[in-house]
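What follows is a single structure, written as structure tokens, with notes after it.
The values are calculated or read from the model by the stated rules, or taken from the named source; none is laboratory data. Nothing here was measured: the structure is a model prediction, and the numbers come from that model. FYI the Cβ positions are ideal-geometry reconstructions off the backbone, even for glycines, and counts take in every protein chain you see. For the accessible areas, the whole protein counts, side chains as well, though only heavy atoms, and no ligand, DNA or RNA atoms are used. Shrake-Rupley method; radii C 1.70, N 1.55, O 1.52, S 1.80 Å.
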Amino acid sequence: MPNVPLPSDPRRRARRRRDITLALAFLAPSLLVFAVFVFFPLGQAVFLATRGSDLFGRPTVSVGFGNFAKLLTPEFGGVLLLTLGYVVLVVVPSIVLPLALAVPMAQRLPGMRLFRTAFALPFAYSVAAASVVFSLLYNPGTSVLNWVLESLGGQGRAWLTDPSLALVSVALVTVWMNTGFNLLVLSAALAGRDEEVLEAAVLDGARGPSMLFRITIPLITPSLFFLVVVTTLNALQSFGQIFILTRGGPNGATGVLVYSIYDTAFANNASDFGLASAQGLVLLLVGLALAAIQFGIIERRVHYQ
Amino acid sequence: MRRHSRRRASALALTVSGVLLAAGCAGATGGGSSDGERVTAPGPEVLDQAEGVTTVTFWHSMGGGALGDALAALTDRFNEENEGSIRVELVYKNSYDDALTAYKAAISSNQTPSLIQVYDIGSQFMIDSGQTIPVQEFADADGVDFDDLQPNIAGYYSIDDTLYSMPFNTSMPLMYFNVDAFEEAGLDPDNPPRTLADIREAAEALTETDAAGNTTRYGFGAAIYGWFLEQWTAGAGLDMCDGANGREERASEVLIDQDTQVELLQWWKQMIDDGLALNTGRETSAAQDAFTAGRTAITLESTGSLGDFLAGAEGRFEVDTAFYPKVSSEDAGGPIIGGASLWISGPGHEPAEQRAAWEYVKFLSTADNQAEWHTSTGYFPTNRAALETDLDREWRAENPQFDTAVDQLEATELTTATQGCLAGAMPKVRQLAEEAIEAALTGAKSVEDALGDAREALRGEMSAYTDSIGG
């Protein structure tokens, strides 16, 4: 940039002002949408989090940090730990499984397109539809999954009513749902690998595992990183599958943070919007913290071409 | 490098907006004011004076095919009969919980419906809301009484001899059993179990396992449903709450850890541990599926499930009904009615609209209309005369399983125990009861601890509710 504009140049200043005006005009629609759907609700949540709630859930007097103080219990700590455990149970397989599928599917073999479409299909499912299907598979009395297991000589399991298994069962639904989208992203990333780099690697003797771990995965790290961040946030906000399959039970085994917010605000005529908003802000902080950790630690290893 | 920072920025923006949305969801309420002004019921003249058609909006929770269709059919007939003066608009508000949540928001913005259907356990809340006119006041203004109302049903919705809301869809718990399984196991279907000990004995005969050791049929299986615990308690003639079940004074304590309830849960847990009962969790539909699939031979459900059970088992096995069982044979109580009732809004509504809502409520409660409601949905008729109509008689002759509910209700003496607990925090009572049962059945806590902890937690919930109304 050889021509650095001098602030005293009136023509350049006018152009600069025009640019800013133009930029603002283009940004206005999205800023408006953000204001209405993000900033205003956030402000409202902060306001409500500092208020008590009356019989009808209307904000009453200021309670300061009282709602947050109410969250300093072992129970809520348990909810946070459970939520993090659930995120790990979802994110790790949601990356590994699609990767394991995408790498072989990147081969140019006849019929691969069919597989790719089939494996990507869960992407088109809504949470509710998928949860209803899985509720039939898991049904405590008439489980299709157990029928298959028992026909093969195995033992059926109490997928949703065994407290030690319920979280895994719910995570499995989420993983299944994530697989479709994540597979699409990874397939696209694999297709976008630089042919020259691959050829050079082959000439240098890279084969099998070393090809995968030293060449392929580093080349697609931008996509992998994107998926880690997005999948983590999705997992953190899981609600539909828990609402439909377990309602947070058994014994709170699937009572993750968003379900806890719902339970406080809407279930059983509760209407404690103050406490629920405080939990919502905790969710915001957890999400930001996880994202910050990911950007701080993982992104350093991301290789952008 | 530029590409790097742009990606980074957009990913971060995505992150932030996603989480913000989730955080924002928790806080959506409006402002507004509520004034507990007492509105008296207008007489019939207000409708004559009203100009044009008076519209009544009715928020209900009768979805799912048969229920919604039956309500729509009755409402269409009412609208035809009152063409030119009253028009009722049905608004399906999803579950009872959702309807109540919407109602609360509507109170804040002064947009309550003319009429709302509220579940039994929301009754105290509705009274405390100060938004409704007791149906008793309309009846008093008209000089009519509620003699036709089935007394146990009226009993639930009456406080200090005032009927606050009109019972509409009423159900009762029953015991359902698989007749074919009983016969296979050498049990007498005409003499079904009546107590916990009876059920266990029957279950020992009914439970079957295959060669691989998998249980193919369990003797017993019922949902972990707080309502059932209330029923066992009432069956033993015990109050579930203090203050005479909240009927004489506001309840402050939930009597959830009495000997009867402890005995029940110990029995239930033992049944599961011994492989005689299947735990299907809190979802009532899962317990229903297990019964219709023949996986469980005895179950507990509301009268409202009979139609589904008959349809689900058709061609495979015969379903019969019996009185809701007792914990022990000495128990002299009986079941509490459940379901929902209709509340007429007062503040913010024109007298003509209030009156029109009352006319509609009366219409739904006539013998003929309750007979139609009973026979098309399985809900128990609130009007005693409905049972004497030809429609109802013929239908029960074809479906004798429905007689059990009629006999059971007639045999139940109205006491504070069988009136059921009236408390604002009742939805929470049911939720915590379910959590306690679940904790006990899965062995996470001992029965005594689970119930004791629930009682402790509920003490806080009850006083938090009382605080929230400033009482």
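Results, tabulated for the structure shown:
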| read-out | value |
| --- | --- |
| Enumeration of residues in the stretch A:56-65 that are more than 13 Å from chain B (Cβ to nearest Cβ) and either under 27 Å from B:Y103 (Cα atoms) or surrounded by 15 or more Cβ atoms within 10 Å (Cβ to Cβ) (or both) | A:S62 |
| Hits in the stretch B:233-261 - residues which are assigned to a helix (DSSP H, G or I), crowded, with 19+ Cβ neighbours inside 10 Å and out of contact with any Phe, Trp or Tyr (no Cβ under 8 Å at 6 or more places or on another chain) | B:T233, B:A234, B:N245, B:G246 |
| Residue in the stretch A:251-267 that is farthest from the other protein chains (Cβ to nearest Cβ), counting only those that are more than 22 Å from A:L165 (Cβ to Cβ) and surrounded by fewer than 22 Cβ atoms within 10 Å (Cβ to Cβ) | A:Y262 |
| Of all residues in the stretch A:111-142 being open to solvent by 80 Å² or more (accessible area, probe 1.4 Å) and free of Cβ contacts under 8 Å to residues at least 40 places away in the same chain, the one that is nearest to B:D273 (Cα to Cα) | A:L136 |
| Residue within the stretch B:188-199 that is in contact with a Leu (Cβ under 6 Å, 6 or more places away or on another chain) and surrounded by fewer than 23 Cβ atoms within 10 Å (Cβ to Cβ) present | no |
| Residues of the stretch B:361-401 satisfying the condition of being among the polar types (S, T, N, Q), assigned to a loop (DSSP other than H, G, I, E, B) and touching a residue at least 40 places away in the same chain (Cβ under 8 Å) | B:S365, B:T382, B:N399 |
| Count - residues of the stretch B:225-260 that are among the hydroxyl-bearing types (S, T, Y) and more than 17 Å from the chain's Cα centre (by Cα) | 2 |
| Hits in the stretch A:44-78 (condition: hydrophobic (A, V, I, L, M, F, W, C) and in a helix (DSSP H, G or I)) | A:A45, A:V46, A:F47, A:L48, A:A49, A:F68, A:A69, A:F76 |
| Whichever residue in the stretch B:316-341 is under 18 Å from the mean Cα position of the chain (by Cα) and part of a strand (DSSP E or B) and, among such residues, is farthest from B:P173 (Cα to Cα) | B:S341 |
| Candidates B:E398, B:E438, B:E394, B:E410 - the one that is among the acidic types (D, E) and within 22 Å of B:N245 (Cα to Cα) | B:E410 |
| When residues of the stretch A:269-290 are limited to those that are crowded, with 21+ Cβ neighbours inside 10 Å and small (G, A, S), the one nearest to B:A105 (Cα to Cα) | A:S271 |
| Complete set of residues in the stretch A:268-285 that are part of a helix (DSSP H, G or I), at negative phi and either of a type in the set (S, T, Y) or within 8 Å of chain B (Cβ to nearest Cβ) (or both) | A:F273, A:A276, A:S277, A:Q279, A:G280, A:L281, A:L283, A:L284 |
| Options B:L74, B:L100: the member that is part of a helix (DSSP H, G or I), under 17 Å from the mean Cα position of the chain (by Cα) and farther than 18 Å from B:A352 by Cα | B:L100 |
| B:N79 surrounded by fewer than 20 Cβ atoms within 10 Å (Cβ to Cβ), farther than 21 Å from B:I337 by Cβ, without any contact (Cβ under 8 Å) to a residue 12 or more places away in the chain and not assigned by TED's automatic domain parsing to the domain that holds B:S376 | no |
| Matching entry among B:D69, B:D97 (being surrounded by fewer than 19 Cβ atoms within 10 Å (Cβ to Cβ), at pLDDT 70 or above and at the interface with chain A (Cβ under 9 Å from one of its Cβ atoms)) | B:D97 |
| Residue match in the stretch B:104-117 (condition: touching a residue at least 40 places away in the same chain (Cβ under 8 Å), within 24 Å of A:Y262 (Cα to Cα), within 16 Å of the chain's Cα centre (by Cα) and part of a strand (DSSP E or B)) | yes |
| Residue within the stretch A:191-213 that is open to solvent by 20 Å² or more (accessible area, probe 1.4 Å) and within 14 Å of another protein chain (Cβ to nearest Cβ) present | yes |
| Residue ID - most open to solvent (accessible area, probe 1.4 Å), chosen from residues in the stretch B:418-430 that are of a type outside the set (A, V, I, L, M, F, W, C) and over 12 Å from B:R455 (Cα atoms) | B:Q419 |
| Qualifying residue in the stretch B:202-224 (condition: within 14 Å of chain A (Cβ to nearest Cβ), assigned to a helix (DSSP H, G or I) and under 20 Å from the mean Cα position of the chain (by Cα)) | no |
| Among residues of the stretch A:229-245, those that are assigned to a helix (DSSP H, G or I) and under 8 Å from the mean Cα position of the chain (by Cα), counted | 8 |
| Verdict on A:A14 being within 30 Å of B:S463 (Cα to Cα) and small (G, A, S) | no |
| Given (1) modelled with pLDDT of 90 or more; (2) more than 21 Å from B:E230 (Cβ to Cβ); (3) open to solvent by less than 50 Å² (accessible area, probe 1.4 Å); (4) assigned to a helix (DSSP H, G or I), index of the condition B:G122 fails | (2) |
| Qualifying position, being crowded, with 22+ Cβ neighbours inside 10 Å and either out of contact with any Asp or Glu (no Cβ under 9 Å at 6 or more places or on another chain) or within 14 Å of another protein chain (Cβ to nearest Cβ) (or both), among B:E413, B:E438, B:E388 | B:E438 |
| Residue check for A:S238: in contact (Cβ under 8 Å) with a residue 40 or more places away in the chain, open to solvent by less than 20 Å² (accessible area, probe 1.4 Å) and facing another protein chain (nearest Cβ under 9 Å) | no |
| Check on A:N251, on the phi > 0 side of the Ramachandran plot and assigned to a helix (DSSP H, G or I) | no |
| B:A222 being of a type in the set (A, V, I, L, M, F, W, C), open to solvent by less than 50 Å² (accessible area, probe 1.4 Å) and closer than 23 Å to B:R316 by Cβ | yes |
| Residue check, A:L145 among the hydrophobic types (A, V, I, L, M, F, W, C), surrounded by fewer than 13 Cβ atoms within 10 Å (Cβ to Cβ) and more than 30 Å from B:A106 (Cβ to Cβ) | no |
| Residue selected from the stretch B:264-305 under the condition away from every other protein chain (no Cβ under 14 Å), more than 17 Å from B:W227 (Cα to Cα) and part of a helix (DSSP H, G or I), by the criterion least open to solvent (accessible area, probe 1.4 Å) | B:M271 |
